[in-house]
Each structure stands twice: as structure tokens, then as C-alpha cells.
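Here the structure is laid out as C-alpha cells; the discussion comes afterwards.
Just so it is clear, none of the values below were taken in a lab; they were calculated from the coordinates. What you see is a predicted model, and the numbers here were worked out from it, not measured in a lab. In this analysis, Cβ positions are derived from the backbone assuming ideal geometry, glycine residues included, and neighbour counts consider all displayed protein chains.
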Amino acid sequence: MNAAQTDHASADVASSTGTLFLTGNVVRPLTLSLDDLRQYPGVTCAPFDLRCYTTNRFIRTVAPYRGVLLTDLLRQAELRCDADGDFKRMIFIAVGHDGYAVTFSWHELFNTLVGRQVVVAYECDGVPLDPDDGAPILFSGADLLPAPRHVKRLLRIETHVLKP
């Protein structure tokens, strides 16, 4: 098996078990199961209508998610700043099992109200989610249209520092 096949097989195993990886410019890379996520302080989001970003077509109403704030996970992993001001150039890429990816900046997560509503969900409407339900799910509750940053089967959060 070559490296690409090994990476794909590892992603399949992680997705089938709901494992989430926090990697990149962090002091402590994290590997978190759904049970691990449930151990963090939880927050509950308001229900919302999921609409297509391009057409605004109604897809479905999503009941309240419960999960852990992405900022809490990033604090646990501890952002690595090798040079003064690195944090101001940090971006976070949330990647789903299917390769779908969305981005956040450090400023957005830690310096605006958006960060108080970016959740890695493990429960919906009081019912625990499992990988067959798409867990873990990343949801950005402050977005005007939540569909573009609604990531099912979240596989990893990558932390990068952009070059000045």
C-alpha cells in the first residue's frame, strides 16, 4: 500500500469511528473521539434553516446542535507561535472526510463573536450523534448562511501560520 492509500485508509477508519484530529501549528496535536468531545463543556446552538448557498433553496430545518466550542479545542491543543505575532496570521482549515474544507482566521475565532458560535457537534435535538449521522459536525452559528461552513463527518482541523 502506498502513502496515499495509507492516508485514505486512515481517513476511512477515522471517519467510521468519528475521530477528529487537530494538527499543524499546535503544541499538543489532539486525536479526539466522540466520547472525548462529550467530556468538554458543552454549548447548545439555536435551530436553523439549512439553505443552499448559491440558490438560497431551503434544504431542511436543523434542530439544536450540542457540542464543544472550536476555540476550546484549540486552547487545549495550544497554538504554537514561533515568532511574535504568529497568532495574528493563523488560519484554521476544517476538513470533512469527503475533502470538503472551510476556513476560519484567528481573528474571527478569538476576536469576534463568531468564535462563540463555532461548534463541533456531537448531539442534535438531545440525541447523541454517531458517525452514521455525520458526527462530528462543525457548525458556524453566526454565519448569515450556515450551509457553506456546515461540515459533516469532520475529520481534521489544520492550524497554519501564513507567511508575512
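Return the Rg/Rh ratio of segment 50-146 with Cα-based radii and a Kirkwood Rh.
Ratio of gyration radius to Kirkwood radius: 1.00.
Sort 53-63, 108-118 by packing, meaning the average of other beta carbons within 10 Å per residue, with the highest value first.
The most tightly packed comes first, giving 108-118, 53-63.
Would you mind computing, in nm to one decimal, how far apart the modelled labels at residue 98 and residue 52 are, each placed 7 Å from Cα along Cα→Cβ?
1.4
Report relative contact order for the chain in percent, whole number only (criteria: Cα-Cα under 8 Å, sequence separation at least 6). Show your work: numbers first, answer last.
Values: 340 pairs, mean separation 47.9, N = 164.
Computed value for the chain: 29 percent relative contact order.
What is the pair-distance distribution P(r) of the chain, computed from all Cα-Cα distances in 5 Å bins starting at 0, with each bin given as a whole percent?
With 5 Å bins starting at 0, P(r) equals 2, 9, 18, 22, 21, 15, 9, 4, 1, 0.
Within 10 Å, count the other beta carbons around each residue, average over each peptide in 77-86, 147-156, and list them highest first.
147-156, 77-86
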